[in-house]
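J.: I'd like to ask you about the structure that follows.
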Amino acid sequence: MDTYEFDFPATRKVTHRAHVGVVGSGDLEVLLEPSQGMQAHVKIRTNVTGFRDTWKAVLDRFFSRYNGAVAIEINDAGATPGNVLLRLEQAVEGSEHE
Amino acid sequence: MNESMSKVGARPVEQPAFLQRQSFIEMNARERARSFFDPGTERELVGPFDRVESPWLALQDVTPQSDDGCIVMKGKIGGEAAVVIALEGAFQGGSMGEVSGAKLTAALDLACADNENGIKTYAILQLETGGVRLQEANLGLAVIAEIIGSLLALREHAPVVCVTAGSVGCFGGMSLVAGLASYLMMTREGRLGMNGPEVIEQEAGIEEFNSKNRALIWGIHGGKQRYETGLVDALVDDNVGQVVDAVREFLRRGVPSVHRSAQIDLLQRRIAMLDPSHQWEPAELREFWTRQEVL
(Lines give C-alpha, C1' and ligand atoms only; values in the text may rest on other atoms or scores of the structure.)
Protein backbone atom coordinates (compact mmCIF):
# COMPACT_ATOMS: atom_id res chain seq x y z
CA MET A 1 0.00 0.00 0.00
CA ASP A 2 1.31 3.46 -0.89
CA THR A 3 0.48 6.69 0.92
CA TYR A 4 0.80 10.07 -0.83
CA GLU A 5 0.09 13.57 0.43
CA PHE A 6 -0.31 16.73 -1.65
CA ASP A 7 -1.12 20.39 -0.93
CA PHE A 8 -2.93 22.80 -3.21
CA PRO A 9 -3.79 26.51 -2.90
CA ALA A 10 -7.38 27.43 -2.07
CA THR A 11 -9.32 30.69 -2.16
CA ARG A 12 -12.72 29.74 -0.81
CA LYS A 13 -14.13 28.34 2.43
CA VAL A 14 -16.18 25.16 2.26
CA THR A 15 -18.89 24.58 4.86
CA HIS A 16 -20.07 20.99 4.41
CA ARG A 17 -18.36 17.63 4.41
CA ALA A 18 -19.15 14.78 2.03
CA HIS A 19 -18.45 11.07 1.78
CA VAL A 20 -18.76 9.07 -1.45
CA GLY A 21 -17.64 5.75 -2.87
CA VAL A 22 -16.49 2.40 -1.56
CA VAL A 23 -13.07 0.74 -1.32
CA GLY A 24 -14.07 -1.95 -3.79
CA SER A 25 -12.19 -3.22 -6.82
CA GLY A 26 -11.75 -0.39 -9.35
CA ASP A 27 -13.40 2.11 -7.03
CA LEU A 28 -12.37 4.41 -4.19
CA GLU A 29 -13.72 6.22 -1.17
CA VAL A 30 -13.48 10.01 -0.80
CA LEU A 31 -13.86 11.85 2.51
CA LEU A 32 -14.04 15.60 1.95
CA GLU A 33 -14.07 18.02 4.89
CA PRO A 34 -13.60 21.78 5.36
CA SER A 35 -9.94 22.41 6.23
CA GLN A 36 -8.65 24.77 8.92
CA GLY A 37 -6.50 27.13 6.86
CA MET A 38 -6.84 28.58 3.37
CA GLN A 39 -5.36 25.61 1.55
CA ALA A 40 -6.34 22.17 0.34
CA HIS A 41 -4.70 18.98 1.54
CA VAL A 42 -5.09 15.55 -0.02
CA LYS A 43 -4.05 12.25 1.54
CA ILE A 44 -4.21 9.11 -0.55
CA ARG A 45 -3.87 5.48 0.49
CA THR A 46 -3.86 3.07 -2.43
CA ASN A 47 -3.17 -0.63 -2.82
CA VAL A 48 -1.78 0.00 -6.32
CA THR A 49 1.84 0.98 -5.75
CA GLY A 50 4.12 3.19 -7.83
CA PHE A 51 1.66 5.68 -9.36
CA ARG A 52 2.53 8.86 -7.45
CA ASP A 53 3.02 10.87 -10.67
CA THR A 54 -0.35 9.78 -12.04
CA TRP A 55 -2.11 10.80 -8.81
CA LYS A 56 -0.32 14.16 -8.89
CA ALA A 57 -1.45 14.72 -12.50
CA VAL A 58 -5.06 13.78 -11.74
CA LEU A 59 -5.17 16.09 -8.71
CA ASP A 60 -3.43 18.94 -10.59
CA ARG A 61 -6.21 18.77 -13.13
CA PHE A 62 -8.92 18.61 -10.46
CA PHE A 63 -7.54 21.60 -8.54
CA SER A 64 -7.13 23.64 -11.72
CA ARG A 65 -10.94 23.96 -11.60
CA TYR A 66 -11.65 23.64 -7.88
CA ASN A 67 -10.58 26.20 -5.26
CA GLY A 68 -12.23 24.97 -2.03
CA ALA A 69 -10.25 24.87 1.23
CA VAL A 70 -10.74 21.17 1.96
CA ALA A 71 -9.05 18.22 3.57
CA ILE A 72 -9.57 15.22 1.31
CA GLU A 73 -8.84 11.63 2.24
CA ILE A 74 -8.86 9.00 -0.46
CA ASN A 75 -8.89 5.26 0.17
CA ASP A 76 -8.29 3.65 -3.20
CA ALA A 77 -8.72 0.10 -4.48
CA GLY A 78 -7.39 0.57 -8.01
CA ALA A 79 -9.70 3.20 -9.50
CA THR A 80 -8.81 4.57 -12.94
CA PRO A 81 -7.95 8.31 -13.26
CA GLY A 82 -11.39 8.89 -14.81
CA ASN A 83 -13.09 7.23 -11.87
CA VAL A 84 -11.02 9.26 -9.43
CA LEU A 85 -12.12 12.54 -11.04
CA LEU A 86 -15.77 11.46 -11.09
CA ARG A 87 -15.69 10.53 -7.40
CA LEU A 88 -13.97 13.83 -6.52
CA GLU A 89 -16.63 15.77 -8.43
CA GLN A 90 -19.35 13.73 -6.73
CA ALA A 91 -17.86 14.62 -3.33
CA VAL A 92 -17.68 18.31 -4.25
CA GLU A 93 -21.31 18.19 -5.36
CA GLY A 94 -22.27 16.65 -2.00
CA SER A 95 -20.35 19.33 -0.10
CA GLU A 96 -21.95 22.20 -2.05
CA HIS A 97 -25.56 21.04 -1.91
CA GLU A 98 -26.03 19.59 1.55
CA MET B 1 -30.40 14.80 -31.36
CA ASN B 2 -31.30 13.50 -34.82
CA GLU B 3 -34.82 13.11 -36.15
CA SER B 4 -35.26 9.39 -35.59
CA MET B 5 -34.11 9.67 -31.96
CA SER B 6 -36.52 12.49 -31.20
CA LYS B 7 -39.35 10.42 -32.64
CA VAL B 8 -38.49 7.50 -30.39
CA GLY B 9 -38.23 9.83 -27.42
CA ALA B 10 -41.60 11.41 -28.14
CA ARG B 11 -43.50 8.13 -28.31
CA PRO B 12 -44.98 7.11 -24.95
CA VAL B 13 -43.26 3.84 -24.15
CA GLU B 14 -44.73 1.45 -21.59
CA GLN B 15 -41.71 0.24 -19.65
CA PRO B 16 -41.68 -3.40 -18.54
CA ALA B 17 -42.05 -3.97 -14.79
CA PHE B 18 -38.41 -4.91 -14.29
CA LEU B 19 -37.32 -1.50 -15.60
CA GLN B 20 -39.81 0.42 -13.45
CA ARG B 21 -38.73 -1.15 -10.19
CA GLN B 22 -35.86 0.29 -8.15
CA SER B 23 -33.22 -2.38 -7.64
CA PHE B 24 -32.16 -3.19 -4.06
CA ILE B 25 -29.07 -5.13 -5.12
CA GLU B 26 -27.66 -2.21 -7.13
CA MET B 27 -27.65 0.10 -4.09
CA ASN B 28 -24.64 0.32 -1.79
CA ALA B 29 -24.88 -0.67 1.86
CA ARG B 30 -25.50 2.90 3.08
CA GLU B 31 -28.37 3.41 0.62
CA ARG B 32 -29.82 0.01 1.51
CA ALA B 33 -29.69 0.79 5.24
CA ARG B 34 -31.42 4.14 4.67
CA SER B 35 -34.21 2.55 2.58
CA PHE B 36 -35.72 0.71 5.58
CA PHE B 37 -36.48 3.82 7.67
CA ASP B 38 -39.36 6.24 7.78
CA PRO B 39 -37.85 8.96 5.54
CA GLY B 40 -35.74 11.51 7.39
CA THR B 41 -35.73 9.75 10.77
CA GLU B 42 -32.42 7.91 10.35
CA ARG B 43 -28.94 8.89 11.43
CA GLU B 44 -25.69 7.02 11.02
CA LEU B 45 -23.74 5.91 14.09
CA VAL B 46 -19.92 5.64 14.00
CA GLY B 47 -19.90 6.88 10.41
CA PRO B 48 -17.02 7.43 7.97
CA PHE B 49 -15.91 10.72 9.56
CA ASP B 50 -15.50 9.06 12.95
CA ARG B 51 -12.72 7.10 11.24
CA VAL B 52 -13.05 3.94 13.26
CA GLU B 53 -11.30 1.74 10.75
CA SER B 54 -9.50 -1.59 10.91
CA PRO B 55 -6.04 -1.20 12.46
CA TRP B 56 -4.91 -4.49 10.87
CA LEU B 57 -5.47 -4.05 7.14
CA ALA B 58 -2.88 -1.33 6.46
CA LEU B 59 -0.25 -3.46 8.23
CA GLN B 60 -0.95 -6.10 5.58
CA ASP B 61 -0.91 -3.67 2.64
CA VAL B 62 -4.69 -3.64 2.28
CA THR B 63 -6.40 -0.23 1.99
CA PRO B 64 -8.87 0.19 4.88
CA GLN B 65 -12.32 1.77 4.55
CA SER B 66 -13.40 4.57 6.89
CA ASP B 67 -16.46 2.65 8.16
CA ASP B 68 -14.82 -0.81 7.95
CA GLY B 69 -17.64 -1.89 5.64
CA CYS B 70 -20.23 -1.88 8.43
CA ILE B 71 -22.96 0.76 8.34
CA VAL B 72 -25.04 1.27 11.47
CA MET B 73 -28.13 3.48 11.40
CA LYS B 74 -30.70 4.31 14.04
CA GLY B 75 -34.14 5.72 13.32
CA LYS B 76 -37.84 4.94 13.15
CA ILE B 77 -39.66 2.24 11.22
CA GLY B 78 -43.43 2.55 11.30
CA GLY B 79 -42.97 4.99 14.17
CA GLU B 80 -40.99 2.51 16.32
CA ALA B 81 -37.29 2.73 17.13
CA ALA B 82 -35.11 0.56 14.93
CA VAL B 83 -31.46 -0.08 14.21
CA VAL B 84 -30.20 -1.27 10.82
CA ILE B 85 -26.78 -2.84 10.35
CA ALA B 86 -25.75 -3.23 6.71
CA LEU B 87 -22.52 -4.84 5.49
CA GLU B 88 -20.88 -3.45 2.35
CA GLY B 89 -20.19 -6.45 0.15
CA ALA B 90 -17.97 -4.45 -2.20
CA PHE B 91 -15.38 -3.81 0.53
CA GLN B 92 -13.30 -6.94 1.22
CA GLY B 93 -16.30 -9.13 0.38
CA GLY B 94 -18.26 -7.71 3.31
CA SER B 95 -15.94 -9.64 5.61
CA MET B 96 -16.15 -9.31 9.38
CA GLY B 97 -13.12 -7.94 11.20
CA GLU B 98 -12.52 -6.60 14.68
CA VAL B 99 -14.07 -3.17 14.00
CA SER B 100 -17.02 -4.17 11.82
CA GLY B 101 -17.82 -6.95 14.29
CA ALA B 102 -17.60 -4.62 17.27
CA LYS B 103 -19.93 -2.14 15.55
CA LEU B 104 -22.46 -4.87 14.80
CA THR B 105 -22.29 -6.36 18.31
CA ALA B 106 -22.55 -2.97 20.02
CA ALA B 107 -25.59 -2.05 17.91
CA LEU B 108 -27.36 -5.29 18.87
CA ASP B 109 -26.40 -4.88 22.56
CA LEU B 110 -27.69 -1.28 22.67
CA ALA B 111 -30.95 -2.36 21.01
CA CYS B 112 -31.24 -5.15 23.59
CA ALA B 113 -30.63 -2.70 26.47
CA ASP B 114 -33.28 -0.34 25.08
CA ASN B 115 -35.79 -3.20 24.90
CA GLU B 116 -34.97 -4.23 28.47
CA ASN B 117 -35.62 -0.63 29.53
CA GLY B 118 -39.03 -0.65 27.90
CA ILE B 119 -38.09 1.12 24.64
CA LYS B 120 -39.18 -1.25 21.90
CA THR B 121 -36.39 -1.37 19.32
CA TYR B 122 -36.29 -3.53 16.20
CA ALA B 123 -33.10 -4.73 14.53
CA ILE B 124 -32.50 -5.40 10.85
CA LEU B 125 -29.39 -7.08 9.51
CA GLN B 126 -28.55 -6.61 5.85
CA LEU B 127 -25.83 -9.21 5.37
CA GLU B 128 -23.66 -9.34 2.26
CA THR B 129 -20.60 -11.11 3.55
CA GLY B 130 -18.16 -13.92 2.96
CA GLY B 131 -17.84 -14.34 6.73
CA VAL B 132 -14.67 -13.87 8.77
CA ARG B 133 -12.06 -11.50 7.30
CA LEU B 134 -9.02 -13.68 6.70
CA GLN B 135 -6.61 -10.80 7.50
CA GLU B 136 -8.10 -10.62 11.00
CA ALA B 137 -8.76 -14.33 11.39
CA ASN B 138 -8.87 -14.91 15.15
CA LEU B 139 -10.49 -11.56 15.92
CA GLY B 140 -13.03 -12.24 13.16
CA LEU B 141 -13.89 -15.63 14.63
CA ALA B 142 -14.24 -14.06 18.07
CA VAL B 143 -16.65 -11.40 16.83
CA ILE B 144 -18.87 -14.04 15.20
CA ALA B 145 -19.31 -15.60 18.64
CA GLU B 146 -20.04 -12.18 20.13
CA ILE B 147 -22.57 -11.32 17.42
CA ILE B 148 -24.35 -14.63 17.96
CA GLY B 149 -24.50 -14.07 21.72
CA SER B 150 -25.87 -10.56 21.27
CA LEU B 151 -28.43 -11.67 18.66
CA LEU B 152 -29.70 -14.50 20.87
CA ALA B 153 -30.20 -12.03 23.73
CA LEU B 154 -31.96 -9.45 21.54
CA ARG B 155 -34.31 -11.82 19.71
CA GLU B 156 -36.06 -12.66 22.99
CA HIS B 157 -37.25 -9.04 23.18
CA ALA B 158 -37.76 -7.91 19.61
CA PRO B 159 -37.78 -9.43 16.13
CA VAL B 160 -34.42 -9.43 14.33
CA VAL B 161 -34.99 -9.51 10.57
CA CYS B 162 -32.13 -10.55 8.29
CA VAL B 163 -32.04 -9.72 4.58
CA THR B 164 -29.56 -11.31 2.18
CA ALA B 165 -30.18 -9.92 -1.27
CA GLY B 166 -26.92 -10.42 -3.15
CA SER B 167 -24.79 -10.12 -5.03
CA VAL B 168 -22.29 -11.35 -2.42
CA GLY B 169 -24.69 -13.44 -0.38
CA CYS B 170 -24.03 -14.63 3.16
CA PHE B 171 -21.42 -17.25 3.95
CA GLY B 172 -19.19 -18.67 6.65
CA GLY B 173 -19.79 -17.71 10.26
CA MET B 174 -22.20 -14.98 9.24
CA SER B 175 -24.51 -17.61 7.71
CA LEU B 176 -24.94 -18.89 11.29
CA VAL B 177 -25.94 -15.36 12.32
CA ALA B 178 -28.48 -15.27 9.47
CA GLY B 179 -29.85 -18.64 10.55
CA LEU B 180 -30.41 -17.37 14.08
CA ALA B 181 -32.42 -14.30 13.03
CA SER B 182 -36.12 -14.23 13.93
CA TYR B 183 -36.94 -13.92 10.24
CA LEU B 184 -34.72 -14.43 7.21
CA MET B 185 -35.44 -13.00 3.77
CA MET B 186 -33.68 -13.56 0.47
CA THR B 187 -33.97 -12.67 -3.18
CA ARG B 188 -33.63 -15.21 -5.96
CA GLU B 189 -30.20 -13.68 -6.64
CA GLY B 190 -29.02 -14.06 -3.06
CA ARG B 191 -26.97 -17.00 -1.79
CA LEU B 192 -26.71 -18.45 1.70
CA GLY B 193 -24.47 -21.21 3.02
CA MET B 194 -21.85 -22.14 5.57
CA ASN B 195 -19.23 -23.17 2.99
CA GLY B 196 -19.12 -21.20 -0.24
CA PRO B 197 -18.71 -22.93 -3.62
CA GLU B 198 -15.00 -22.19 -3.96
CA VAL B 199 -14.26 -23.42 -0.46
CA ILE B 200 -16.08 -26.70 -1.08
CA GLU B 201 -14.24 -27.23 -4.36
CA GLN B 202 -10.90 -26.39 -2.77
CA GLU B 203 -11.42 -28.77 0.15
CA ALA B 204 -13.34 -31.65 -1.45
CA GLY B 205 -12.37 -31.51 -5.12
CA ILE B 206 -14.11 -30.53 -8.31
CA GLU B 207 -15.96 -33.87 -8.43
CA GLU B 208 -17.74 -32.84 -5.22
CA PHE B 209 -18.53 -29.27 -6.25
CA ASN B 210 -17.69 -27.38 -9.43
CA SER B 211 -17.57 -23.75 -8.29
CA LYS B 212 -17.87 -22.56 -11.93
CA ASN B 213 -21.28 -24.23 -12.29
CA ARG B 214 -23.66 -21.39 -11.57
CA ALA B 215 -26.79 -23.53 -11.90
CA LEU B 216 -25.38 -25.89 -9.27
CA ILE B 217 -24.45 -23.00 -6.95
CA TRP B 218 -27.92 -21.44 -7.10
CA GLY B 219 -29.54 -24.88 -6.95
CA ILE B 220 -27.94 -25.34 -3.53
CA HIS B 221 -27.16 -21.90 -2.08
CA GLY B 222 -29.71 -19.82 -4.01
CA GLY B 223 -32.56 -17.90 -2.38
CA LYS B 224 -35.30 -19.90 -4.11
CA GLN B 225 -33.89 -23.25 -2.98
CA ARG B 226 -33.34 -22.01 0.56
CA TYR B 227 -36.90 -20.68 0.66
CA GLU B 228 -38.49 -23.81 -0.75
CA THR B 229 -36.62 -26.06 1.64
CA GLY B 230 -37.91 -24.02 4.57
CA LEU B 231 -34.64 -22.38 5.61
CA VAL B 232 -35.82 -18.88 4.68
CA ASP B 233 -39.10 -17.15 5.56
CA ALA B 234 -39.65 -15.00 2.48
CA LEU B 235 -38.46 -14.81 -1.09
CA VAL B 236 -38.74 -11.32 -2.57
CA ASP B 237 -37.90 -9.71 -5.90
CA ASP B 238 -34.91 -7.42 -6.29
CA ASN B 239 -37.15 -4.43 -5.63
CA VAL B 240 -36.68 -1.89 -2.85
CA GLY B 241 -40.42 -1.55 -2.27
CA GLN B 242 -40.92 -5.31 -1.94
CA VAL B 243 -37.91 -5.79 0.32
CA VAL B 244 -38.93 -2.96 2.65
CA ASP B 245 -42.60 -4.03 2.76
CA ALA B 246 -41.64 -7.60 3.62
CA VAL B 247 -39.28 -6.43 6.38
CA ARG B 248 -42.01 -4.23 7.87
CA GLU B 249 -44.49 -7.12 7.75
CA PHE B 250 -42.08 -9.32 9.73
CA LEU B 251 -41.53 -6.53 12.28
CA ARG B 252 -45.31 -6.30 12.75
CA ARG B 253 -45.48 -10.05 13.45
CA GLY B 254 -43.15 -9.60 16.41
CA VAL B 255 -41.03 -12.26 18.06
CA PRO B 256 -41.93 -15.70 16.64
CA SER B 257 -43.31 -18.21 19.16
CA VAL B 258 -40.62 -20.70 18.08
CA HIS B 259 -37.45 -19.63 16.33
CA ARG B 260 -36.38 -21.79 13.41
CA SER B 261 -33.01 -22.45 15.00
CA ALA B 262 -34.74 -23.78 18.14
CA GLN B 263 -36.47 -26.58 16.20
CA ILE B 264 -33.63 -29.01 16.81
CA ASP B 265 -35.76 -32.18 16.61
CA LEU B 266 -37.30 -31.15 13.32
CA LEU B 267 -33.97 -30.24 11.76
CA GLN B 268 -32.32 -33.44 12.97
CA ARG B 269 -35.23 -35.50 11.64
CA ARG B 270 -34.89 -33.86 8.24
CA ILE B 271 -31.20 -34.70 8.05
CA ALA B 272 -31.73 -38.25 9.35
CA MET B 273 -34.23 -38.92 6.54
CA LEU B 274 -31.62 -38.29 3.86
CA ASP B 275 -29.72 -41.23 2.43
CA PRO B 276 -26.21 -39.85 1.89
CA SER B 277 -25.29 -42.62 -0.56
CA HIS B 278 -27.80 -41.12 -2.97
CA GLN B 279 -26.85 -37.99 -4.98
CA TRP B 280 -29.67 -35.58 -4.18
CA GLU B 281 -30.74 -33.05 -6.77
CA PRO B 282 -32.03 -29.63 -5.64
CA ALA B 283 -35.56 -30.18 -7.00
CA GLU B 284 -35.68 -33.68 -5.55
CA LEU B 285 -34.76 -32.42 -2.10
CA ARG B 286 -37.47 -29.73 -2.21
CA GLU B 287 -40.04 -32.32 -3.23
CA PHE B 288 -38.89 -34.93 -0.70
CA TRP B 289 -38.97 -32.64 2.32
CA THR B 290 -42.30 -31.16 1.30
CA ARG B 291 -43.86 -34.59 0.72
CA GLN B 292 -42.65 -35.86 4.10
CA GLU B 293 -44.41 -32.88 5.69
CA VAL B 294 -41.41 -32.09 7.81
CA LEU B 295 -41.13 -28.45 6.79
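J.: Inside the stretch A:1-43, can you point out the residues that are farther than 13 Å from A:A71 by Cβ, away from chain B (no Cβ under 11 Å) and part of a strand (DSSP E or B)?
T.: A:Y4, A:P9, A:R12, listed by residue number.
J.: Quick one: in the stretch B:72-94, which of the residues that are among the small types (G, A, S) and surrounded by fewer than 24 Cβ atoms within 10 Å (Cβ to Cβ) is nearest to A:G21 (Cα to Cα)? Walk me through it before giving the result.
T.: Step one: filter the stretch B:72-94 for residues among the small types (G, A, S), giving B:75, B:78-79, B:81-82, B:86, B:89-90, B:93-94.
Add one more test, that the residue is surrounded by fewer than 24 Cβ atoms within 10 Å (Cβ to Cβ), and what stays is B:75, B:78-79, B:81, B:90, B:93.
Values: B:G75: 23, B:G78: 30, B:G79: 31, B:A81: 28, B:A90: 10, B:G93: 15 Å.
If we take residues in the stretch B:72-94 being among the small types (G, A, S) and surrounded by fewer than 24 Cβ atoms within 10 Å (Cβ to Cβ), then B:A90 is nearest to A:G21 (Cα to Cα).
J.: Continuing with this model, one more query. Could you tell me which residue of the stretch B:56-71 is farthest from the other protein chains (Cβ to nearest Cβ), considering only residues that are surrounded by fewer than 22 Cβ atoms within 10 Å (Cβ to Cβ) and in contact (Cβ under 8 Å) with a residue 12 or more places away in the chain? Steps first, please.
T.: Going through the stretch B:56-71, the residues surrounded by fewer than 22 Cβ atoms within 10 Å (Cβ to Cβ) turn out to be B:56, B:58-62, B:66.
From what is left, the residues that are in contact (Cβ under 8 Å) with a residue 12 or more places away in the chain are B:56, B:60, B:62, B:66.
Numbers: B:W56: 12, B:Q60: 9, B:V62: 6, B:S66: 6 Å.
For the stretch B:56-71, the residue satisfying everything is B:W56.
J.: Hey, among B:E26, B:E44, B:E53, B:E88, which residue is within 12 Å of chain A (Cβ to nearest Cβ), within 15 Å of the chain's Cα centre (by Cα) and not small (G, A, S)?
T.: Numbers: B:E26 fails: within 12 Å of chain A (Cβ to nearest Cβ); B:E44 fails: within 15 Å of the chain's Cα centre (by Cα); B:E53 fails: within 15 Å of the chain's Cα centre (by Cα).
Only one candidate qualifies: B:E88.
J.: Considering only residues that are more than 12 Å from chain B (Cβ to nearest Cβ) and over 9 Å from the mean Cα position of the chain (by Cα), look in the stretch A:71-88 and name the one that is farthest from A:T15 (Cα to Cα).
T.: In the first step, residues of the stretch A:71-88 are kept if they are more than 12 Å from chain B (Cβ to nearest Cβ); the result is A:72, A:80-88.
Within this subset, residues satisfying the condition of being over 9 Å from the mean Cα position of the chain (by Cα) are A:80-83, A:86.
Numbers: A:T80: 29, A:P81: 27, A:G82: 26, A:N83: 25, A:L86: 21 Å.
Among those residues, the one meeting the criterion is A:T80.
J.: Next up: Does at least one position in the stretch B:183-190 carry a residue that is in the same structural domain as B:F37 (by TED's automatic domain parsing), of a type in the set (S, T, Y) and touching a Pro at 6+ places or on another chain (Cβ under 9 Å)?
T.: Within the stretch B:183-190, the first condition is being in the same structural domain as B:F37 (by TED's automatic domain parsing), and the residues that meet it are B:183-190.
Remaining after also requiring of a type in the set (S, T, Y): B:183, B:187.
Going one step further and asking which of them are touching a Pro at 6+ places or on another chain (Cβ under 9 Å), we end up with B:183.
Yes: the stretch B:183-190 contains one or more residues that are in the same structural domain as B:F37 (by TED's automatic domain parsing), of a type in the set (S, T, Y) and touching a Pro at 6+ places or on another chain (Cβ under 9 Å).
J.: For the stretch A:45-60, does any single residue satisfy the condition of being under 13 Å from the mean Cα position of the chain (by Cα) and closer than 16 Å to B:E53 by Cβ?
T.: As a first pass, look at the stretch A:45-60 and keep what is under 13 Å from the mean Cα position of the chain (by Cα): A:45-46, A:55-60.
If we keep only those that are closer than 16 Å to B:E53 by Cβ as well, we get A:45-46.
Yes, the conditions are met somewhere in the stretch A:45-60.
J.: A follow-up question, please. Could you tell me whether B:E146 is free of Cβ contacts under 8 Å to residues at least 24 places away in the same chain and farther than 20 Å from B:R286 by Cα? Even if it seems obvious, please write down each step before you answer.
T.: Details: free of Cβ contacts under 8 Å to residues at least 24 places away in the same chain: no; farther than 20 Å from B:R286 by Cα: yes.
In short, no.
J.: So, one more: Being within 14 Å of chain A (Cβ to nearest Cβ) and part of a strand (DSSP E or B): is that true of B:I124 here?
T.: Working: within 14 Å of chain A (Cβ to nearest Cβ): no; part of a strand (DSSP E or B): yes.
Considered against the rule, which asks whether it is within 14 Å of chain A (Cβ to nearest Cβ) and part of a strand (DSSP E or B), B:I124 comes out as no.
J.: OK, next. Under the condition of being out of contact with any Ser or Thr (no Cβ under 8 Å at 6 or more places or on another chain) and farther than 22 Å from B:I148 by Cβ, which residue from the stretch B:235-267 is surrounded by the fewest Cβ atoms within 10 Å (Cβ to Cβ)? Spell out how you get there, then give the answer.
T.: Keep residues of the stretch B:235-267 that are out of contact with any Ser or Thr (no Cβ under 8 Å at 6 or more places or on another chain), which gives B:241-242, B:245-249, B:251-254, B:257-258, B:260-267.
If we keep only those that are farther than 22 Å from B:I148 by Cβ too, we end up with B:241-242, B:245-246, B:248-249, B:252-253.
Numbers: B:G241: 13, B:Q242: 17, B:D245: 12, B:A246: 20, B:R248: 16, B:E249: 13, B:R252: 10, B:R253: 12.
The residue in question is B:R252.
J.: If a residue counts only when it is within 30 Å of B:K120 (Cα to Cα) and in contact with a strand residue (DSSP E or B) (Cβ under 8 Å, 6 or more places away or on another chain), which helices (runs of 4 or more DSSP H) contained entirely in the stretch B:190-268 have at least 3 such residues?
T.: Working: elements: B:197-204, B:214-221, B:223-228, B:240-253.
Those helices (runs of 4 or more DSSP H) span B:240-253.
The values are calculated or read from the model by the stated rules, or taken from the named source; none is laboratory data. Computed from a predicted structure; not experimentally measured. Cβ sites come from the backbone with ideal geometry, for glycine too, and all protein chains shown count toward neighbours.
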